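The values are calculated or read from the model by the stated rules, or taken from the named source; none is laboratory data. A quick note: this is a predicted structure, and the numbers were derived from the prediction, not measured. FYI the Cβ positions are ideal-geometry reconstructions off the backbone, even for glycines, and counts take in every protein chain you see. To get the accessible areas, we keep the full protein, side chains included, count just its heavy atoms, and leave off ligands, DNA and RNA. Shrake-Rupley method; radii C 1.70, N 1.55, O 1.52, S 1.80 Å.
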Amino acid sequence: MIDAMTDVIIYEVGPRDGLQNEANFVETETKIELINRLSKTGLIKIEATSFVSPKWVPQLADSSQVMAGIERKEGVSYSALTPNLKGAELAIKANVDEIAIFAAASESFSQKNINCSIEESIDRFKPVMEMAKDHKLKVRGYVSCVTHCPYDGEISPATVSDISETLIKMGCYEISLGDTIGKADPAAIKKLLRAHEAVLPLQNLALHCHDTYGRALDNIAAGLEMGIRTFDSSVAGLGGCPYAEGASGNVATEDVLSLVNSLGLNSGVDIDKIIDVALYISKKLGRAPNSKTAVK
Ligand code: HMG
Ligand code: MG
């Protein structure tokens, strides 16, 4: 439940977007413990896993066990990525609170990530949306590569806003705009958001920034200036994307909180508790957190 005093929503994607990129298999128990610890930090949105082909992302092949093993905290929404009907069926069986469909703004990334064109992906999502509607499940939409694609280069804002508009019209309650390889800058983010303003309310947008070039916080600040209030982030800066070379590091949740707190905005999330979780998972993975705040 969103508190009336909440200014900013942090959408934690570490257990999914973070761990999916780990080369070595992370024990199911560790994934469960990570989510349970995150559940106690004040977060209200946790992307717990994905129901994708285990052939494509073996790391998350244990998604059903993870969902079955976690302690559900009241008020926290546990979501999962679903690329197709099979994924949606499994996610519903696992009793997720919300699912996410994921499209790309570039043809090459769409092919590499989900093995189909953008148009085919939209067709594939239609029955997923129907199924979600039948089960009264909220659906989030992702668009990746919103300013740059690792294969196709620069992407025009209008290309992205067209896809976002389509996903909203299909019934997504929110679109998360992914700067998948972290090449955006504040000017590009503002251009992108202006293109969206013409086709949908900005309250329906979230920003999903990667910190590859150290610009994620500047991009988030630009989003805040434009009125965006939901930001995806990953505890300890875990992650990247297996199908986008150079997509090292989702912006760290603790770094976003540091920014948000410094601006006097309330997210309801306790930064010290997030730092503890960042240290926990980093120790399990055998390295330091990929953030400024947790290694201070
Ligand atoms: P495909 O190979 O074309 O599909 O993959 P398929 O239908 O031929 O299926 C291949 C095998 O996978 C079959 O098994 C299916 O049953 C199985 P087999 O018969 O060979 O034994 N399968 C599944 N198993 C479990 N759950 C499923 C599922 N679907 C098929 N849902 C497909 C197409 C979409 C399935 C594949 O490409 C895929 O799973 N892709 C997902 C890759 C992924 O997770 N990438 C990372 C997402 S990150 C991202 O997109 C960016 C984001 O983080 C934001 C940002 O940073 O920008 C969101
Ligand atoms: Mg990401």
query: Considering only residues of segment 80-128 that are part of a strand (DSSP E or B) and closer than 12 Å to Gly141 by Cβ, which is farthest from ligand 1 (Cβ to nearest atom)?
result: Glu98
- request: Scan segment 33-63 residue by residue and report those that are assigned to a helix (DSSP H, G or I) and either in contact with a Cys (Cβ under 7 Å, 6 or more places away or on another chain) or surrounded by 15 or more Cβ atoms within 10 Å (Cβ to Cβ) (or both).
  value: Glu33, Leu34, Ile35, Asn36, Arg37, Leu38, Gln59, Leu60, Ser63
field: Residue in segment 144-155 that is closer than 29 Å to Ala94 by Cα and not aliphatic (A, V, I, L, M) present
entry: yes
query: Based on what the data block shows, is Thr212 within 16 Å of ligand 2 (Cβ to nearest atom), at pLDDT 95 or above and either of a type in the set (Ser, Thr, Tyr) or surrounded by fewer than 16 Cβ atoms within 10 Å (Cβ to Cβ) (or both)?
result: no
message: With the requirement that a residue be in contact with a Ser or Thr (Cβ under 7 Å, 6 or more places away or on another chain), closer than 24 Å to Leu224 by Cβ and modelled with pLDDT under 95, what does segment 251-292 give you?
response: Pro289
- line: Taking segment 1-21 and keeping only residues that are open to solvent by 10 Å² or more (accessible area, probe 1.4 Å) and either within 18 Å of Val251 (Cβ to Cβ) or in contact with a Ser or Thr (Cβ under 9 Å, 6 or more places away or on another chain) (or both), one is left with Thr6, Asp7, Ile9, Arg16, Gln20, Asn21
Selection count where residues are open to solvent by 40 Å² or more (accessible area, probe 1.4 Å) and either farther than 16 Å from Tyr173 by Cβ or free of Cβ contacts under 8 Å to residues at least 24 places away in the same chain (or both), scope segment 93-107: 3
- prompt: If Ala198 passes every condition in (1) away from ligand 2 (no atom under 16 Å from the Cβ); (2) at pLDDT below 95; (3) open to solvent by less than 10 Å² (accessible area, probe 1.4 Å); (4) of a type in the set (Gly, Ala, Ser) but one, which one does it miss?
  reply: (3)
message: Are there helices (runs of 4 or more DSSP H) fully within segment 136-243 with at least 3 residues that are in contact with a strand residue (DSSP E or B) (Cβ under 9 Å, 6 or more places away or on another chain) and under 27 Å from Ser117 (Cα atoms)? List them.
response: 157-170, 186-197
field: Close pairs (8 angstrom Cβ cut-off, 6 or more residues apart or separate chains): on the phi > 0 side of the Ramachandran plot in segment 9-27, within 11 Å of ligand 2 (Cβ to nearest atom) and open to solvent by 20 Å² or more (accessible area, probe 1.4 Å) anywhere
entry: none
Odd one out for Ala94 among (1) among the hydrophobic types (A, V, I, L, M, F, W, C); (2) more than 16 Å from ligand 2 (Cβ to nearest atom); (3) within 16 Å of the chain's Cα centre (by Cα): (3)
query: Which of the residues that make up segment 267-296 are open to solvent by 80 Å² or more (accessible area, probe 1.4 Å) and within 12 Å of Val256 (Cβ to Cβ)?
result: Lys292
message: Pairs please, first residue from segment 68-90 and modelled with pLDDT under 95, second anywhere and surrounded by 22 or more Cβ atoms within 10 Å (Cβ to Cβ) and among the acidic types (Asp, Glu), Cβ atoms under 7 Å, 6+ apart in sequence or on different chains.
response: none
